[in-house]
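Taking it in order: structure first as structure tokens, then the write-up.
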Amino acid sequence: MVEEIKPEPIWFFPDKFWAATRNMPKHQADSLLEEVISLSEVRDIEALRKYDFVSIENPYRKKKAVA
């Protein structure tokens, strides 16, 4: 049996996006949002990591303690 590998979900945080784009002109914020959507559609994980308002790992998953 072949185990299905599920890709990590891409988490988008609107409140952080709006905070990051608060002083941007509307067309620039729209362009940034389109870029992020485009990158997430093709799952360009490395490019998405540069944005504070996007997370590749589940931010709500408890991290294992390292002893």
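Coordinate-derived values only; no laboratory data. Bear in mind that the values here come from a model prediction, so they are computed numbers and not experimental data. Using ideal geometry, Cβ is built from the backbone for each residue, glycine included, and neighbour counts are taken over all protein chains shown.
What list of ³J(HN,Hα) couplings, whole Hz, do you get for segment 28-40 from phi and the Karplus terms 6.51, -1.76, 1.60, once you set θ to phi - 60° and write x for glycine and proline?
6, 5, 4, 5, 5, 4, 4, 5, 5, 4, 4, 5, 6
Excluding Ser38 itself, calculate the net charge of residues whose Cβ lies under 15 Å from the Cβ of Ser38, where each Lys or Arg counts +1 and each Asp or Glu counts -1. If you can, show how the numbers build up before the last one.
Working: positive: Arg43, Lys50; negative: Asp30, Glu34, Glu35, Glu41, Asp44, Glu46.
Net of charged neighbours comes to -4.
Report the charge-dipole magnitude of segment 11-55 in Debye, nearest 20, computed about the Cα centre from +1 at each Lys and Arg Cβ and -1 at each Asp and Glu Cβ.
Values: 6 positive and 8 negative charges, 35 e Å.
Using only the charged Cβ atoms, the result is roughly 160 debye.
For segment 1-42 and segment 49-63, what is the separation of their Cα centres, given in Å?
11
What would the Debye equation give as log₁₀ I(q)/I(0) for the chain at q = 0.15, 0.16 Å⁻¹, counting only Cα atoms as equal point scatterers?
-0.59, -0.65
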